[in-house]
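The values are calculated or read from the model by the stated rules, or taken from the named source; none is laboratory data. No experiment lies behind these values; they were computed from the predicted model shown. Cβ atoms come from the backbone with ideal geometry, glycine included; neighbour counts cover every protein chain shown. Note: areas computed on protein heavy atoms with side chains; ligands, DNA, RNA excluded. Shrake-Rupley method; radii C 1.70, N 1.55, O 1.52, S 1.80 Å.
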Amino acid sequence: MSKNFFEAVKGRRSVYAISKESTISDAKIQEIVEEAVLHSPTSFNSQTSRAVVLLGEQHDKLWDITAEALRKIVPTEQFEGTAQKLASFKAGYGSVLFFEDQVGVKQLQENFALYADNFPIWSNQSSGILQFVVWTALAEEGIGASLQHYNPLIDEDVKKEWGIPAEWKLIAELPFGKPVTAPGEKEFQPIEARVKVFK
């Protein structure tokens with residue numbers, strides 16, 4: 001079991017060259033996201049993590065919204081590179097948007113005032129765990145993905161377009177699709193400099 005788990009961990013990579021194909025059904029994609037949301041841990045079992053799955057035209061719309069938002073702030077002479085990057089995300093099959101429900105975070109801050117400053121931090125950590133679980137599970141099914149962060153630039157437009165509750169804070173976007181090319185070799189810093197063991 002441990003070997004299989006770490007093989008899955010190793011298999012999760014940032015894949016930027018993706019296509020509008022999927023190796024699994026839409027129902028399976030939904031199942032993966034739902035299982036991940038249900039079973040990824042949250043501080044105090046707060047269950048503040050939220051996810052939105054965008055497929056087909058809805059996925060395309062996300063990256064059109066992002067392009068328009070960036071067009072307003074990126075100098076014209078520099079926008080071509082930005083447009084190409086966004087087009088690579090739009091070239092995918094779908095996107096998962098990760099949110100954290102701020103109502104739950106604020107309730108925890110009120111109920112456990114001693115830890116109030118920590119709950120937003122722990123909320124972000126919970127979201128990171130959920131992102132990793134979804135990303136790894138998709139990779140196990142032959143789906144390539146990369147994690148993006150165009151929030152808070154696109155937050156209001158996203159909420160308006162899909163009727164997302166105002167209290168949901170956008171944390172990250174995960175465009176995904178069938179990989180067109182494999183990711184390059186990954187370089188690692190010496191593990192001895194990153195892990196200390198004391199007995």
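Things worth noting here:
- In order along the range 90-107, the Karplus-derived 3J(HN,Hα) couplings, from 6.51 cos²θ - 1.76 cosθ + 1.60 at θ = phi - 60°, round to 5, 5, x, 7, x, 9, 10, 9, 10, 10, 10, 6, 6, 4, x, 5, 5, 4 Hz, and Gly and Pro are given as x.
- Phi-based couplings in Hz for the range 39-55 (Karplus 6.51, -1.76, 1.60; Gly and Pro marked x): 10, 6, x, 9, 5, 6, 6, 6, 6, 8, 6, 9, 9, 10, 9, 10, 10
- GNM remark for the chain: springs join alpha carbons under 10 Å apart, and the peak mean-square fluctuation among Asn45, Asn118, Asn151 falls on Asn45.
- GNM top mover of Lys72, Lys186, Lys178 - the chain, alpha-carbon springs below 10 Å: Lys186
- In the structure shown, the pairs Lys106/Lys160; Lys20/Lys169; Lys10/Lys199; Lys85/Lys169; Lys72/Lys160; Lys28/Lys159 are assessed against 20 Å; a Cα-Cα span above that value is assigned to Lys106/Lys160; Lys20/Lys169; Lys10/Lys199; Lys85/Lys169; Lys28/Lys159.
- For His39, the solvent-accessible surface computed with a 1.4 Å probe is close to 130 Å², ligands and nucleic acids excluded.
- With DNA, RNA and ligands ignored, accessible area of Arg71 (1.4 Å probe; Å², nearest 10): 120
- Of Glu35, Glu187, the residue with the largest accessible area leads and the full order is Glu187, Glu35 (1.4 Å probe).
- Shape category assigned to the range 1-101 from the gyration tensor of Cα positions, a/c cut at 1.5: prolate
- Backbone amide hydrogens, once placed in the peptide plane, bring Ile171 within less than 5 Å of Phe98, Phe99, Glu100, excluding anything fewer than 5 places away on its chain.
- Of all accessible heavy-atom area on the range 12-160, the percent that carbon and sulfur account for (1.4 Å): 51
- Only Lys, Arg (+1) and Asp, Glu (-1) charged, at Cβ; the chain dipole about Cα centre in debye: 600
- Most mobile listed residue (Phe176, Phe119, Phe188) in the chain, GNM with C-alpha springs under 10 Å: Phe188
- Dipole magnitude for the range 103-160: computed about the Cα centre from +1 point charges on Lys and Arg Cβ and -1 point charges on Asp and Glu Cβ, it is near 100 debye.
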